[in-house]
1. Can you tell me which residues in the range 362-385 are touching a residue at least 40 places away in the same chain (Cβ under 8 Å), part of a loop (DSSP other than H, G, I, E, B) and either open to solvent by 20 Å² or more (accessible area, probe 1.4 Å) or not hydroxyl-bearing (Ser, Thr, Tyr) (or both)?
2. Restricting attention to the range 347-368, which residues are closer than 19 Å to GLY538 by Cβ and at pLDDT 85 or above?
3. Can you tell me which residue among LEU12, LEU115 is within 30 Å of ASP141 (Cα to Cα), open to solvent by less than 40 Å² (accessible area, probe 1.4 Å) and either at pLDDT 85 or above or of a type outside the set (Phe, Trp, Tyr) (or both)?
4. Applying the selection to the range 318-335, what residues are assigned to a helix (DSSP H, G or I) and charged (D, E, K, R)?
5. Hey, can you tell me all the residues within the range 389-436 that are in contact with a helix residue (DSSP H, G or I) (Cβ under 9 Å, 6 or more places away or on another chain), buried (at least 20 other Cβ atoms within 10 Å of the Cβ) and at pLDDT below 85?
6. Can you confirm whether LYS228 is modelled with pLDDT under 70, exposed (fewer than 13 other Cβ atoms within 10 Å of the Cβ) and basic (Lys, Arg)?
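The values are calculated or read from the model by the stated rules, or taken from the named source; none is laboratory data. From a predicted model like this one, the values you see are computed outputs, not experimental measurements. All Cβ positions, glycine included, derive from the backbone under ideal geometry; neighbour counts span all protein chains shown. Accessible surface areas use protein heavy atoms only, side chains included; no ligands, DNA or RNA. Shrake-Rupley method; radii C 1.70, N 1.55, O 1.52, S 1.80 Å.
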Amino acid sequence: MSSQRTSFIHWLNPESKYSALQIFRWLWKVWKGHRLQATLNACIGLTGVGFSLTMVWAMKRAIDTATGVREGSVYTAVGVMAAITLCEFAVGISRVWVKNILGVKARNRMQQLTLARLLRSEWRGREAMHSGDVINRLETDVNRVVEFLTETMPSTLSTVALFIGAFVYLLQMDEWLAIITVGILPLFILVSRFYVAKMRQLSRKVRESDSFIQSLLTETMHHRMLIKTMEADGQMLDRLEDTQSELRERVKKRTAFSVASHLFLNTGFSLGYLIAFLWGLIRLHAGTITFGAMTAFLQLVYRIQGPARDLTRLAPAFVSVLTSAERLMELEEIPEEQQGEALMMAAPCGVRFTDVSYRYTPQQRPIVVHANYDFTPGSCTAILGETGAGKTTLIRLLLALIRPQEGEITIYSGEGGEDRECRVESVEFATAVEEANGAVANSPLSTLHSPLSSLHRCNFVYVPQGNTLLSGTLRDNLRIGAPDATDAQMHEALRLACADFVSELPDGLDTKFAEQGGGLSEGQAQRIAIARALLRPGSIILLDEATSALDADTERQLLDNILRDQRKTVIFVTHRQAVIEYCDRVIRID
């Protein structure tokens, strides 16, 4: 029995990193969140089965009444059929309503849950999946899984119910005809074993090509300025054509296999229907059945073979959902960050590195090696270093996006605001730590301290490098930093960020921007991003080349505004001399 089960899983789920049992358990877990829609669709489908079988009875009754086999009014018989037809219309409308209203809601909910899971997951430093591929999974694969669980599976239940009901009805009328009609099923089961295994392989390749196309389109649009200036339009279009050509070939192979399989099965179904038709004609000619019974025979045979055909169409959907489930399960492999209530520390805060080491993969060179440093509360530090020296890694460590593999990073509360005196401190992250001019601060930690985690991220005010504005209104962009910010608070943040130009915009805070703040200069977009960050309540301000697009006067005023509050700990990643002159400490990463 065990070997048979293993064999079943192998053909059902070939070349997969997950067993069929794992995928089914995952689908069952997802189904629990969509039970309402699935149950409604199942009830609607079963109701439709009842009306379908009742129509067979009503049609036989009407024909027998018309031919004088039974007494009664033809008008009454037709009226009964009309009433059943209206009920079938109502069932169809209900099915469409549930699909279009609850179906969209179910897909939206699963997309939200999947995206929320991704946003809560750990930052991998260098992502293994392309953003276009992730978007493809969030759209196409989520839709397929939800449609399968809420529509395909309930539909299968009603299909099986219709098959059983029609078979029992036909069995009562003619045992041999019922047996002959279902004789095609063993053939279907044998063929489906090979069909599902082959379609799994072909569908997986089609999904991979489709996902790669979306990745290419996403990347092209994101870097379209670079592509235009490098005059690489033709190259990108050629790459797209090559990828689309590969997709077409894979779709062609899958379609050819699917058509051949359906042709084989439909030939068997047609043969069965002809046999049933011939059998009915023979019995009608012999006078052993009425014309109404003959009609009922054909209706029931159709209602037996119709579900069987539907089951053959279920196989591609089943194959597709296995592939989509796998792709969504891969997204869940990324472990979640520590979850819980945010831990806000009393201002000012400091961050201490104690013998910290980090590398992205075991095969790569270490980026941070036994680093020790104390960003003391109220201090202002400039971090300098060449490209690739580890500045970005340092930022990710400070924001708890990545965790040190050795050593510890601690956040603590303490007194700050001492007189600022510029000191140059040289720290070599790649090999060792040089202590120069008192580079490693050795002040004791405050009693209010704890190992840095994602729960402490609320203490940081971060302005990343580059244009990070989103499409939407200025108000929407600012409230990313503080969802409950008032207009007064937003205007004050804009004033501190030297973004007074906002008051001259016709719509003020309701001014709409295109992607990446389209319509603004780089300097304006940068100042709005700084204002957005300043709305956050954190006391550690981390700025990554945040003034690179500003002129000297604006930069000087901005720095004066930011550094005026002595209860803030400020960390600059910069190359600009004007910024360095404002700092009391300078770290040079060699």
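1. Once the filter is applied, which keeps residues that are touching a residue at least 40 places away in the same chain (Cβ under 8 Å), part of a loop (DSSP other than H, G, I, E, B) and either open to solvent by 20 Å² or more (accessible area, probe 1.4 Å) or not hydroxyl-bearing (Ser, Thr, Tyr) (or both), the range 362-385 yields ARG365, PRO366, ILE367, PRO377, GLY378.
2. PRO348, CYS349, GLY350, VAL351, ARG352, PHE353
3. From the options LEU12, LEU115, the qualifying one is LEU12.
4. Those that are assigned to a helix (DSSP H, G or I) and charged (D, E, K, R): GLU326, ARG327, GLU330.
5. PHE429 - this is the single residue of the range 389-436 that is in contact with a helix residue (DSSP H, G or I) (Cβ under 9 Å, 6 or more places away or on another chain), buried (at least 20 other Cβ atoms within 10 Å of the Cβ) and at pLDDT below 85.
6. yes
Yes/no per residue for (1) over 21 Å from THR140 (Cα atoms); (2) polar (S, T, N, Q); (3) assigned to a loop (DSSP other than H, G, I, E, B); (4) modelled with pLDDT under 75:
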position: ALA197; (1), (2), (3), (4): yes, no, no, yes
position: SER209; (1), (2), (3), (4): no, yes, no, no
position: GLN214; (1), (2), (3), (4): no, yes, no, no
position: GLY234; (1), (2), (3), (4): yes, no, no, no
position: LEU240; (1), (2), (3), (4): no, no, no, no
position: GLU249; (1), (2), (3), (4): no, no, no, no
position: PHE257; (1), (2), (3), (4): yes, no, no, no
position: LEU263; (1), (2), (3), (4): yes, no, no, yes
position: ASN266; (1), (2), (3), (4): yes, yes, no, yes
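Let's see how each residue does on (1) of a type outside the set (A, V, I, L, M); (2) in contact with a His (Cβ under 6 Å, 6 or more places away or on another chain):
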site: SER52; (1), (2): yes, no
site: ALA106; (1), (2): no, yes
site: LEU113; (1), (2): no, no
site: ARG117; (1), (2): yes, no
